[in-house]
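As structure tokens, the structure follows; a few thoughts come after it.
The values are calculated or read from the model by the stated rules, or taken from the named source; none is laboratory data. This structure is a prediction, so every number in the text was calculated from the model and none was measured. Virtual Cβ from ideal backbone geometry, glycine too; neighbours counted across all protein chains shown. Just so you know, the surface numbers come from the protein's heavy atoms only, side chains and all, with ligands and any DNA or RNA stripped out. Shrake-Rupley method; radii C 1.70, N 1.55, O 1.52, S 1.80 Å.
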Amino acid sequence: MTSTKWVYRFDEVDLAEKAVDGDWEEVRGLLGGKGANLGEMTRLGVPVPPGFTVTTKACLSYLEDGGTFPDGALDQVTEALRTVEASTGKRFGDSANPLLLSCRSGAKFSMPGMMDTVLNIGLNDDVVAGFTELTGDEHFVYDSYRRLIQMFGSVVLGLRDELFENVLERHRAEAGVETDPELPVEHLRQIVAEFHQIAPRFPDDPFEQLRLATEAVFQSWNGKRAKDYRNAAGIAHDLGTAVSIQTMVFGNMGDDSGTGVAMSRNATTGEDRIEGDYLTNAQGEDVVAGTRATKPIDELATEMPDMFSEFKEIARRLEHHYHEMQDMEFTIEHGKLWLLQTRDGKRTAQAAVRIAVEQVAEGLISQQEAVMRVSPEQVDFFLHPQFSPESRASAHWLAGGLNVSPGAAVGVVAFDADLAERWAKEDGRQVIMVRPETKPDDVHGMLAAEGILTSRGGRTSHAALVARQFGKPAVVGVAELEIDLNARVMTFGDQVVAEGDWISIDGTTGDVYLEALDTMVPDIEDPWLMELLGWADGLRRLDVRANADYPADAERARAYGAQGIGLTRTEHMFFEAERLPVVQRMIMAESPSERKEALEQLLPLQRSDFEGLFRAMDGLPVIIRLIDPPLHEFLPARNDLSKSLASHKFLLTKATTLAEIDEVLAQVEEEEHMLTRVEALHESNPMLGTRGVRLGIMLPDLTRMQVRAIFEAACEVARTGGDVHPEVMIPLTSHVNELKRQREVLEAEAKLVMEEQGIEVDYLFGTMIEIPRAALTAAEIAEYAEFFSFGTNDLTQTAFGISRDDAEAGFLVHYMQEGILDENPFATLDRDGVGQLMRMATENGRAARPGLEVGICGEHGGDPASIALCHELGLDYVSCSPFRVPIARLAAAQAAVRAGDPGPRGSSSPAEAASLG
Ligand code: PEP
Ligand code: MG
């Protein structure tokens with residue numbers, strides 16, 4: 001039996017690859033992203049300090065066995081260490097020529113800063129003495145030593161970091177210096193002595209240091225912040241972390257040394273330009289922590305030109321190798337460049353799109369790869385609010401910082417993560433989390449906040465990375481901002497802002513404003529996004545329509561690439577302030593003539609709305625759905641009415657003049673009348689009551705009026721040269737006879753109007769499928785319907801028997817927390833239940849009527865996972881809110897590619913949708 005290999009040297013990446021049959025994803029799963037990439041860089045000949053990786057399997061075994069290394073793992077560590085010693089010519093624990101090691105976490109998916117790291121392992125008092133002699137640099141050696149004890153103390157021994165920070169702060173004050181590296185060596189020596197007192201369990205034995213550090217990294221996989229992060233980022237909890245153990249190289253060996261982090265392209269805009277921060281004479285954590293003011297990487301070109309050009313060359317090489325923008329850590333030790341890490345760079349949505357599109361132009365990836373590389377959620381960010389120009393112009397500007405994650409955010413200031421989370425989650429307040437800098441422990445607050453503001457840190461600081469990943473607007477490194485966490489206030493010059501005050505931040509420009517500014521949604525005119533969506537259009541098979549009730553929505557939807565309207569909810573037009581009294585009169589009417597009169601008043605209003613829709617969607621289909629909700633929704637609530645009636649009756653007893661009596665009496669009579677009507681219309685279960693087609697059947701005049709409005713509008717637009725394609729849709733059908741009756745009324749009225757107008761308009765007659773009985777009898781229904789549109793809001797409600805209005809606040813949340821349901825079925829289609837009904841209805845409907853048009857207009861039409869199901873079911877289109885249209889275009893293309901079934905689409909031309917802006 002061959003024993004398990006728990007440890008792979010960086011130069012053994014071939015073996016790791018062989019062990020998993022050449023599957024690079026699995027190499028990443030085994031060695032973690034960091035370990036796999038260190039191996040890959042070694043293989044590519046990039047200068048990487050030698051080292052090895054303890055696998056994620058070892059971590060999982062360690063955690064499962066309650067903290068015991070698997071058999072043979074520690075021996076393999078020792079063996080790998082010997083090889084590293086041989087290649088570096090140094091020895092671990094040897095005071096004459098010591099090898100120092102770093103010990104870093106690295107899971108399959110990057111979790112920046114969420115797990116632990118220990119640097120400078122291998123130092124103790126003896127090694128420090130020998131190392132000082134060897135390097136002749138006591139300052140550097142003691143600086144490294146104090147870092148080791150502090151990191152080991154907090155990470156491995158679980159001591160509070162403040163204990164160490166307080167000592168450092170006192171010494172900085174005593175020595176009169178600003179930063180730790182400036183501390184004179186006498187202070188460093190004293191600090192080390194004090195650190196030893198704080199951490200008496202710090203082990204002298206370097207091997208013990210290494211073993212304990214490795215264990216601490218393993219355990220950090222299950223730390224709270226790592227779990228929180230995984231929950232938020234949707235990373236599985238059973239992957240484990242690998243540990244990469246690597247020869248230390250030192251960026252803190254003087255002015256010909258340094259360390260930095262850089263992205264191969266600009267992570268905010270996507271511009272093809274190296275971007276990053278570095279520090280001379282420093283170790284890595286100084287840059288990432290954001291505690292020292294870093295220098296932009298461009299300065300390295302003047303400070304150390306050779307290093308800069310070598311780095312640039314390596315960055316390009318790595319990008320070409322991975323076909324992805326890279327996020328790299330480097331160290332320069334006495335004029336020698338080392339790469340310590342590379343990974344795919346996190347980026348804003350804008351950068352993701354631009355990089356993908358430009359990499360196609362550079363021949364690095366195909367159009368299809370570019371389409372797959374951008375997530376539908378990233379497209380969503382293009383539709384994120386911005387501050388309106390008027391509101392910005394009159395705003396009280398406080399300061400400017402680095403614009404690290406775009407979008408406008410407005411909220412009240414909260415100075416810590418717990419408070420930010422509480423205010424946001426429990427009190428439903430909009431919060432901006434403000435911190436000097438953020439740490440991994442702050443992630444829950446950042447996620448709950450609308451936006452993030454920090455006084456320190458650069459583009460690669462923790463705050464910037466996390467904000468970008470989760471699409472939270474963020475401004476960091478606002479130098480004028482002073483935060484007093486004790487007094488719970490912050491100051492910008494002499495402007496004081498207290499916790500709980502409103503501020504606004506603009507992550508696109510870096511501006512910070514006092515008070516709450518108005519926001520607006522921008523047009524998506526980003527040229528790279530246009531290009532990418534154009535490619536997506538060429539790959540998808542589903543058309544994308546929009547749910548739009550007003551001409552302005554329809555215009556926006558078309559600008560976003562909608563290929564028609566999939567749903568107009570005509571009742572929404574009834575709710576408008578000036579129309580409601582007429583609608584109420586129509587409902588209250590006591591005689592047919594009274595009702596007719598009210599309907600005649602509504603007719604021109606509906607006609608003009610429909611005309612606007614047809615014009616906005618010239619040449620494209622427009623589905624207009626006849627009125628859906630129960631009539632009592634248009635009347636005042638029963639309780640309110642009773643209360644008001646009671647108070648008017650009381651007033652009547654107090655009225656003294658005749659005029660007063662007349663006035664109050666009129667009100668009483670009107671309210672009594674209304675109450676009688678409201679009571680007559682009241683239903684215990686209105687969702688299952690007189691709504692949808694049932695209303696149309698009860699009030700055929702209402703159907704006639706709506707049909708007349710549709711056809712008068714269509715004829716008018718056609719007469720003036722427009723190209724109209726109305727599709728009239730009946731809601732909530734459950735029985736074919738309902739459709740038969742409505743169709744008769746509709747056809748007669750449509751014919752009448754067209755004859756009056758002297759114009760023929762082609763139209764389709766169809767129905768929503770939103771009741772299981774309709775899905776089950778789809779074949780019969782298709783005899784009368786020329787199209788189906790799945791109303792999955794109601795279909796989910798009726799298939800599950802869960803009220804769509806109440807469930808999301810109640811037990812459904814509990815169901816998801818308990819894992820009874822994996823997902824909210826009102827957000828993502830329930831594949832096994834509702835999906836089956838859809839499949840059956842589509843197949844049986846098309847069997848009965850070949851060419852039957854089938855689409856979806858429930859909220860699921862804008863949800864990427866549901867769009868994938870719609871693709872699978874062979875639907876013709878999805879319809880969603882105008883703001884989801886660009887997302888749906890991309891999601892539909894991705895669904896087609898994933899299913900191995902990319903376009904070109906048959907019916908309508910992608911060019912139409914692609915020609916935006
Ligand atoms: C549906 O039920 O999915 C639908 C689109 O109709 P409404 O939401 O208007 O009931
Ligand atoms: Mg419905």
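What pairs in Lys34/Lys346; Lys224/Lys295; Lys5/Lys227; Lys18/Lys312; Lys34/Lys295; Lys596/Lys643 have C-alpha atoms more than 21 Å from each other?
On the way: Lys34/Lys346 14 Å; Lys224/Lys295 33 Å; Lys5/Lys227 28 Å; Lys18/Lys312 32 Å; Lys34/Lys295 25 Å; Lys596/Lys643 31 Å.
Violating the 21 Å Cα-Cα cut-off are Lys224/Lys295; Lys5/Lys227; Lys18/Lys312; Lys34/Lys295; Lys596/Lys643.
Between Ala748 and Ala637, what FRET efficiency follows from the Cβ-Cβ distance if R0 is 30 Å, with the result rounded to 0.05? Show your work: numbers first, answer last.
Details: r = 37 Å, r/R0 = 1.23.
Between Ala748 and Ala637 the formula returns 0.20.
Given Cα positions, please report Rg to Rh for segment 618-683, the hydrodynamic radius being the Kirkwood one.
Values: Rg = 18.6 Å, Rh = 14.3 Å.
Rg divided by Rh gives 1.30.
Which distance in nm do the two modelled labels at Arg579 and Thr135 give, with both placed 7 Å along the Cα-to-Cβ direction?
7.6 nm
Quick one: check the C-alpha center-to-center distance for segment 784-836 versus segment 240-273, whole angstrom.
47 Å
Nearest 5 percent is fine: what portion of the DSSP beta bridges confined to the chain is antiparallel? Mind showing how you got there, number by number?
On the way: 65 of 104 bridges.
Counting DSSP beta bridges with both partners in the chain, the antiparallel share is about 60 percent.
Leaving out ligands, DNA and RNA, and with a 1.4 Å probe, what % of the accessible surface on segment 106-229 is carbon or sulfur?
Details: 2390 of 5120 Å².
That fraction is 47 percent.
Rg and Dmax in Å for the chain, alpha carbons only: what are they?
Cα only, the chain: 33.6, 111 Å (Rg, Dmax).
Mind checking the dipole of the chain: about its Cα centre, +1 per Lys or Arg Cβ, -1 per Asp or Glu Cβ, Debye to the nearest 20? Spell out each step's value before the answer.
Values: 85 positive and 149 negative charges, 308 e Å.
Magnitude of the dipole: close to 1480 debye.
Could you state the number of Å between the C-alpha centres of segment 707-731 and segment 299-362?
Comparing the Cα centres of segment 299-362 and segment 707-731, I get a distance of 57 Å.
On full extension of the chain, what length is gained from Asp21 through Lys312, given 0.36 nm per residue of separation minus the C-alpha to C-alpha distance?
Values: separation 291, 0.36 × 291 = 104.76 nm, distance 3.31 nm.
Answer, rounded to one decimal: 101.4 nm.
From the C-alpha gyration tensor of segment 175-324, pull out the three semi-axes of the equivalent ellipsoid (sqrt of 5λ each), sorted largest to smallest, in whole Å. Walk me through the numbers on the way to the answer.
Values: eigenvalues 184, 143, 45 Å².
Three semi-axes, in Å: 30, 27, 15.
Given a 1.4 Å probe and every protein chain left where it sits, what share in percent of the accessible area of segment 362-519 is carbon and sulfur?
Details: 2700 of 6030 Å².
C and S atoms contribute 45 percent here.
Identify all lysines with a Cα-Cα distance to Lys740 below 18 Å; exclude those on the same chain that are fewer than 8 residues away in sequence.
Lys740 reaches Lys751.
Identify, among Val20, Gln76, Asn37, the residue whose Cα sits farthest towards the positive end of the charge dipole of segment 1-76, taking +1 on the Cβ of Lys and Arg and -1 on the Cβ of Asp and Glu, with the dipole about the Cα centre.
Asn37
Rounded to the nearest 0.05, what FRET efficiency is calculated for Leu163 and Arg488 with R0 set to 25 Å and r the Cβ-Cβ distance?
Details: r = 24 Å, r/R0 = 0.97.
According to the calculation, E is roughly 0.55.
Looking at segment 412-494, send over the antiparallel percent of its DSSP beta bridges, to the nearest 5. It would help to have the intermediate numbers written out before the result.
Values: 4 of 13 bridges.
Beta bridges within segment 412-494, antiparallel portion: roughly 30 percent.
Leaving out ligands, DNA and RNA, what percent of the accessible area of segment 19-58 is carbon and sulfur, probe 1.4 Å? If you can, show how the numbers build up before the last one.
Working: 600 of 1240 Å².
So the carbon and sulfur contribution to the accessible surface is 48 percent.
For segment 472-526, take the convex hull of the Cα atoms, compute a quarter of its surface area, and give me that in nm², please.
Projected over every direction and averaged, the Cα hull of segment 472-526 covers 4.9 nm².
If you count only protein heavy atoms with a 1.4 Å probe, what accessible area per residue comes out for the chain, rounded to a whole Å²?
Numbers: 36990 Å² over 917 residues.
Per-residue accessible area for the chain comes out at 40 Å².
For the chain, what does the helix formula give at 222 nm: sum of -39500 (n - 2.57) over DSSP H segments with n ≥ 4, over the residue count, nearest 500 deg cm²/dmol?
Numbers: 38 runs with 438 residues, N = 917.
Helix contribution divided over all residues of the chain: -14500 deg cm²/dmol.
Under a point spin-label approximation (7 Å from Cα along Cα-to-Cβ), what is the Glu663-Lys336 distance to one decimal in nm?
Inter-label distance under the simple model: 9.5 nm.
Below 8 Å between Cα atoms, with a sequence gap of 6+, how large is the relative contact order for the chain in percent? All intermediate terms of the calculation are to be shown ahead of the outcome.
Values: 1873 pairs, mean separation 85.2, N = 917.
Worked out over the chain, it gives 9 percent.
In nm, what is the difference between 0.36 nm times the number of residues separating Asp272 and Glu872 and their Cα-Cα distance?
Details: separation 600, 0.36 × 600 = 216.00 nm, distance 3.75 nm.
Extra length from Asp272 to Glu872 when fully extended: 212.2 nm.
How far apart, in nm, are the 7 Å Cα→Cβ label points at Asp427 and Arg773?
5.0 nm
How much length, in nm to one decimal, is gained on full extension between Leu652 and Gln757, taken as 0.36 nm per residue of separation minus their Cα-Cα distance? Walk me through the numbers on the way to the answer.
Working: separation 105, 0.36 × 105 = 37.80 nm, distance 5.35 nm.
Length gained between Leu652 and Gln757: 32.5 nm.
Quick one: work out the % antiparallel among DSSP beta bridges in segment 91-248, nearest 5.
On the way: 10 of 12 bridges.
So the antiparallel bridges amount to about 85 percent of the total.
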